[in-house]
1. Quick one: Phe223, Phe229, Phe359, fewest Cβ neighbours within 10 Å first, how do they rank?
2. Relative contact order, percent, of the stretch 6-82 when contacts are C-alpha pairs under 8 Å separated by at least 6 residues?
3. If you line up the long axis of helix 236-252 against the longest principal axis of the chain, both from Cα atoms, how many degrees apart are they, to the nearest 10?
4. Only loop residues by DSSP count here, and only those with at most 16 other Cβ atoms within 10 Å; note down the trypsin sites (Lys or Arg not before Pro) in the stretch 419-480 that meet that.
5. Got a sec? Charge dipole of the chain, +1 on Cβ for Lys and Arg, -1 for Asp and Glu; which of Asn441, Leu271, Leu309 is way out at the positive end?
6. Only counting other Cβ atoms within 10 Å, I'd like His209, His318, His9 sorted with the fewest neighbours first.
7. Would you list which lysines come within 23 Å of Lys199, measuring only between C-alpha atoms, while excluding same-chain residues fewer than 8 positions from it?
8. Which value in nm describes the separation of the simple spin-label points at Met95 and Arg75, placed 7 Å from the Cα toward the beta carbon?
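What follows draws every value from the coordinates through simple rules; no lab data is involved. Computed from a predicted structure; not experimentally measured. Glycine also receives a Cβ, built like all others from the backbone with ideal geometry; neighbour counts cover every protein chain displayed.
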Amino acid sequence: MRSKDDLHHLIQAMSKSEKRYFVLDAKKSGRSASRYLSLFDTINAMEEYDEESLKKRFPKNLSSDKAYLYEAILRSMRDYRSKSSKAAQVKERLMDAKYLYERGLYQQSGDRIMEAKALAKELEDNFSLLEIIREEQLSLFDRRVKVDIEQIESLQHEKEIALKGVEEELDYLGLYFRLVVEMYKGGASKDTPGIKLFKDEFSKKIIEHDGSNLATLAQRRYFLCKAAFNRLIGENQLVYENQLEVINWWERNKELKEEEFYRYITDVGNLVNTCYKDEKLFPIAQMWLDKLKNEEPGKTYHEKKYAFLNLSISNLLHLLNRGNYIATRKLLPEIIKGLDEFGLKRSILLLGNIVTAFFLIGDYVNCIKWTNQILQIKQGSREDIQRIVRLYRIVSYFETSKIDELETGIRSLNRYFKNSKLAESSFEFQVLNNYLKRYFNSPLSEQSKILMEFKEFLLKVEQSSNSSSPIGLGEFQIWTTLKIEKKSVNLRLHQ
């Protein structure tokens, strides 16, 4: 069941060219489309969805009109997307084949099936190949066409290869999800027994397998599983090598890279993020960022938007990990400009990284400003980011001497923690109540001691973390170090 604002989210996600295509497509329907286009224009103009104002403007049949418009947009976008997507063309040719067959145009139907099969093979799409082979066999049977044994055996062989590819892909996809769940749980214990348990459980499909005989799409999943497995047991050098295998897989499969460029971007981003764990790999991270920036990100708006989003986050992380705050300051205006260009004002992940960057370069005024923008976004998405930026804002109030806002903010943040049922043992709760509050309220003579205790706490958290650390840990380590050394990022920037 769709939510009331699903249509609004759909329209806001469309590019300008997609909206233009839909409007022109709808106008072909004549006067009957005018009401739906009026509804489309009204919702498109809404920055925040307002159901009540829609009811006033469209008092009759609003619910059914919204449902019709939603389906009409998706129908139109299927046509729009089919021009550039071979995967979409496979589905269309299958539908064409069925239509032609029903009309008795068997030769034309068969030609369409063969076109679909050729495209599916290009994309190594075993799921579609199974459906195509099924239609091919049904067509031959229904028409009582004379076939020789070689043709039957050939179709059977194709089916077995496709089935094997589907089974392998789903097998490693399921294994990857299993590994991701383990990462969320904290990974293997750093002691030998903990690592041995993981190796025993996953050895058959990862350690004892080289992936060379797997179907093409299953190979990528296999490399991703290797990377996730080695991250779980703390083998960061192997993680880098595994992520590099994923990228090399894309380079060997150009058709798939073009078809699913957004997945390629994600994998490059994961490789870059892996490089941040080893200072020796920082130059390699920059090389991949430059390569991705200069690579043609397809022809679609959404691919360019996805590339911008991932590049921006990776670039910020890269500069912050290197402590290059001057370059970070220079990059931020470019990223903020892209927020408007690509309609990413509500991307909590990108906004969270912008807040983090302002926090680390000591621009506390902008840290407060952009945190407030995040807090306007509907709660429920990325609660970890929602929590940590509130902590950055508390520190920013203190650093900018906003005492009233600081006191109100601390009370408000503790209420937020309570309402979200955050445990008192959580990282964010302890940072606020065991260290920041004490630091803010202590005399100057005691502040250094509290900061040292805070730094020791952060170090213990880092040492006890397995596959991943709490968000904000590294940022507070930098902040406490600068405070202990009685420096500020702003001072360092001007040296």
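1. In order of increasing Cβ crowding within 10 Å: Phe223, Phe229, Phe359.
2. For the stretch 6-82, the relative contact order is 44 percent.
3. 30 degrees
4. Details: sites: Lys421, Lys437, Arg438, Lys449, Lys455, Lys460; in loops: Lys421.
In loop regions of the stretch 419-480 (DSSP not H, G, I, E or B), the sparsely surrounded trypsin sites (Lys or Arg not before Pro) are Lys421.
5. Asn441
6. Placing the least packed residue first, the sequence is His9, His209, His318.
7. The qualifying lysines are Lys185, Lys190, Lys226, Lys277.
8. 1.0 nm
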